[in-house]
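Data first, discussion second: the structure below is written as C-alpha cells.
Any read-out appearing in this document is the output of simple, stated calculations on the displayed coordinates, not a laboratory observation. For clarity, every value in this text was computed on a predicted model and none was experimentally measured. Here the Cβ positions follow ideal geometry from the backbone for every residue, glycine too, while neighbour counts run over all protein chains shown.
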Amino acid sequence: MKALTKDDLKTEAQLSEDADLIVNRTAHFVGEWIEEHVVEKPALILAGVDAAEELASQCIADAEDEGIAPEDIQDEIGDLKEYIAETIVEEGDRGTAVDGKDDIR
C-alpha cells in the first residue's frame, strides 16, 4: 500500500465543500441549473408560453435524469416555478434574462 503524503490529502476547505455538496445536492443542482439556463444563457421562450413554467419543467426533467426527485426540489426550494419567475424578473431588471418580449407570468 502506498503511503499518503500531505499533497494527497484534501484540505479542510475542500472537504467542507464536498460535504456541503453532498448535503445540499438538490440546492446545488437547482442553483447551477438556473445559473446556466436563466442567467448565463437565457432560454428563448415563445410569446404566450409561461416561461417560468416551461423552465421549471425542464429543470425537473434534468434533475430526474440526475436522480433528484421533484419532491426533493419542492422540499429544498419550495415552488420552483415561482422561484424561477422571481429569478427571471431579477435578471430581466439587469437586462440579462429572458427577452422582455416573452410572456413571463
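Below is a table of values for the structure above.
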quantity	calculated
Residue order, fewest to most surrounding Cβ atoms within 10 angstrom, among ILE88, ILE34	ILE34, ILE88
Taking LYS41, LYS81 and counting other C-beta atoms within 10 Å, the order from fewest to most	LYS41, LYS81
